[in-house]
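One structure is given here, and the rest of the page talks about it.
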Amino acid sequence: MNLAIIVAMARNRTIGAGNMLPWHCPEDLQHFKKLTMGHHIIMGRKTFYSIGKALPGRTTVVVSRDRTLKLEGCTVVQSIPEAIAACARDPQIFIVGGAEIYSQTLDLADTLYITEIQKDVMGDAAFPEFDKSEWKEVSREVRRQEAPELLDYHFVTYQHT
């Protein structure tokens, strides 16, 4: 099984503001969909609430300490090990956020799919710092959008060394 983290983050590691993405990048959302379609995705409760529903075509596993939480179309578990166990039959599992879930899984990940937003952005959630010397960059696609906002970004894939 390959455990991958998928995240869009600013140069200063910001990933969210007010439980929302602090930019609008349609191609990044399409990239996310293309990579995760047909697979299990693991997220925290706050990330689930920011999305508002289970994503079609994927099996959604939500990690929450609330043992009574029930979410339509989702498997709810209380820990990262339980979440990974719930995905055992999938050869490709994606960790999709938020910050606390990324912190708990960064040392377990085999692959990082990072959309690197090429600017600093104010926010209240950040991706954890990590030692890039432990990761090998295996691909980078440079992108730019004019609308809905001017944005330079890179789709980057790292493999754990």
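List of remarks:
- Under 19 Å between alpha carbons - lysine pairs in the stretch 2-160 that sit 8 or more apart or on different chains: 5
- Using θ = phi - 60° and Karplus 6.51 cos²θ - 1.76 cosθ + 1.60, couplings along the stretch 85-95 (whole Hz; Gly, Pro as x): 4, 5, 9, 3, 8, 9, x, 9, 10, 10, 8
- When the P(r) is computed for the stretch 49-100, the part past 14 Å accounts for 54% of the Cα-Cα pairs.
- Gain on full stretching of the segment that runs from K70 to K119 - 0.36 nm per residue minus C-alpha separation: 13.9 nm
- Based on DSSP H segments of at least four residues, each scored -39500 (n - 2.57), the chain has a per-residue ellipticity at 222 nm of -5500 deg cm²/dmol.
- Most mobile of A54, A85, A126 in a GNM of the chain (Cα contacts under 10 Å): A85
- M1-N19 pseudo-label distance in nm [points 7 Å out on the Cα-to-Cβ vector]: 2.8 nm
- Total charge dipole magnitude, the stretch 51-124, about the Cα centre, Cβ charges on Lys, Arg, Asp, Glu only, Debye to nearest 20: 360 debye
- A simple spin-label model places the labels of A85 and E134 2.5 nm from each other, with each point 7 Å out along Cα-to-Cβ.
- Working from the Cα coordinates of the chain, the gyration tensor eigenvalues give, after taking √(5λ), semi-axes of 24, 18, 15 Å in decreasing order.
- Candidates V77, V142, V96, ranked by Gaussian network fluctuation over the chain, Cα under 10 Å, top entry: V142
Read the figures in this text as sums done on the coordinates, not as results from a lab. Note that this is a predicted model, so its numbers are computed, not measured. Positions of Cβ are generated from backbone atoms using ideal geometry, with glycine treated the same way; all protein chains shown enter the neighbour counts.
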